[in-house]
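**Student:** Pasting a structure below so you can have a look.
The values are calculated or read from the model by the stated rules, or taken from the named source; none is laboratory data. In this text, all values refer to a predicted model and were calculated from it rather than measured experimentally. With ideal geometry, Cβ positions are generated from the backbone for all residues, glycine too; neighbour counts draw on all protein chains shown. Quick note on the areas: whole protein, heavy atoms, side chains included, nothing else; ligands and nucleic acids left out. Shrake-Rupley method; radii C 1.70, N 1.55, O 1.52, S 1.80 Å.
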Amino acid sequence: GGEYSLTSDNVDDYSSNMPLCMRTLHTGLKQDHKLKHHGRLQYGLFLKAAGMSMEESLRFFQKEFTKIMTAEKFQKEYTYNIRHMYGKEGKRTNYSAYNCNKIIMGAPPNTGEHHGCPYRHYDDDHLSSLLNKMQIGKASDRSEIMALKKKKHFTLACQKHFEVSHPKATSIPDLNLSGVGEHPNAWYAASVAYRV
Ligand code: SF4
């Protein structure tokens with residue numbers, strides 16, 4: 001993997017290198033101009049692990065949230081949690097990003113929430129229309145992904161998404177594919193390495 005740094009300015013561009021769970025959070029944030037608690041944690045810790053600094057994270061969330069609220073409200077209600085994720089408040093724990101198992105076993109998203117794993121938490125129709133909308137692979141690739149999801153092989157479905165969107169990945173030396181389907185940050189790092 002190469003050197004890369006995620007910022008509030010380039011995160012839209014890099015969202016195309018994210019696995020479905022994180023793309024869903026990114027799109028949800030852009031659409032609603034906010035994320036609820038579980039979503040802020042899942043996405044915020046992912047961004048941190050992907051190389052976004054606390055300052056850039058604060059800037060990124062503020063830019064979106066203040067489309068529907070004042071900067072004062074954002075400062076008062078949301079900056080503490082972001083600083084907390086970076087270990088700058090409270091017990092100053094250095095929290096790590098969630099792996100796939102934690103996301104899959106975690107609380108399912110309610111209406112208006114965007115966290116979770118779409119392979120696990122979306123019903124067949126919802127996932128199928130999302131894959132179509134995103135134009136992931138060919139129609140036959142999408143059927144394969146859906147078949148894995150229906151058999152509850154959620155992480156294999158996610159690996160298949162990686163495979164069909166990075167068709168030459170296995171022929172690139174040093175591209176680390178081992179964590180794809182185990183950790184969203186491994187999926188992202190491999191996708192960024194594929195792109196550069
Ligand atoms: Fe995200 Fe993991 Fe689900 Fe893929 S399998 S969408 S990386 S939680």
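**Student:** Could you give the size of the charge dipole of the chain about its Cα centre, using +1 on the Cβ of each K and R and -1 on the Cβ of each D and E, expressed in debye and rounded to the nearest 20? Write down the numbers at each step before the final one.
**Tutor:** Values: 27 positive and 20 negative charges, 84 e Å.
The calculated dipole for the chain is roughly 400 debye.
**Student:** Can you give the calculated 222 nm mean residue ellipticity of the chain, where each DSSP H run of n ≥ 4 adds -39,500 (n - 2.57) and the sum is split over every residue, rounded to the nearest 500 deg cm²/dmol? Intermediate results must be reported in sequence, preceding the final value.
**Tutor:** Values: 12 runs with 112 residues, N = 196.
-16500 deg cm²/dmol, from helical runs alone.
**Student:** For the stretch 111-196, take the convex hull of the Cα atoms, compute a quarter of its surface area, and give me that in nm², please. The partial results should precede the final answer.
**Tutor:** On the way: hull surface 23.9 nm².
About 6.0 nm², averaged over all directions.
**Student:** All other residues with a Cβ under 14 Å from the Cβ of Q135 taken together, and with Lys, Arg as +1 and Asp, Glu as -1, what is their net charge?
**Tutor:** Residues close to Q135 contribute a combined charge of +3.
**Student:** Could you put E56, E72 in order of accessible surface area, largest first, with the 1.4 Å probe and the full protein assembly present?
**Tutor:** Per-residue accessible area, sorted high to low, gives E72, E56.
**Student:** How do D12, D125 rank by accessible surface area computed with a 1.4 Å probe, from largest to smallest?
**Tutor:** D125, D12
**Student:** Could you work out the per residue convex hull volume over the alpha carbons of the chain, in cubic angstrom?
**Tutor:** Working: hull volume 23.6 nm³, N = 196.
Once divided by residue count, the hull of the chain is 120 Å³.
**Student:** Under DSSP H, which helices of the chain have Cα atoms covering 15 Å or more of the helix axis and a Kyte-Doolittle average no less than -0.5? Please list the in-between numbers first.
**Tutor:** On the way: long enough: 20-32 (17 Å, -0.35); 37-49 (18 Å, -0.34); 54-65 (16 Å, -0.76); 139-150 (16 Å, -0.59); 154-165 (17 Å, 0.19); 184-195 (17 Å, -0.21).
Correct list, ordered by number: 20-32, 37-49, 154-165, 184-195.
**Student:** Among the lysines, which fall within straight-line cross-link reach of K160, defined as a Cα-Cα distance under 19 Å, with same-chain neighbours fewer than 8 residues apart omitted?
**Tutor:** Those lysines meeting the cut-off are K133, K138, K149, K150, K151, K152, K168.
**Student:** Under a 5 Å amide H to amide H cut-off, with H placed in plane at 1.01 Å, what residues pair with M52 once short-range neighbours are removed?
**Tutor:** L6
**Student:** Just tell me the longest site-free run in the chain, where the sites are trypsin sites (Lys or Arg not before Pro) in a DSSP loop having at most 16 other beta-carbon atoms within 10 Å. Intermediate results must be reported in sequence, preceding the final value.
**Tutor:** On the way: sites that count: K36, K67, K88, K91, R92, K138, K151, K152, K168.
Between the exposed loop sites, the longest stretch runs 93-137.
**Student:** May I pose another question? Dipole of the chain (Lys/Arg Cβ +1, Asp/Glu Cβ -1, origin at the Cα centre): which of H38, T170, L127 lies farthest to the positive side?
**Tutor:** H38
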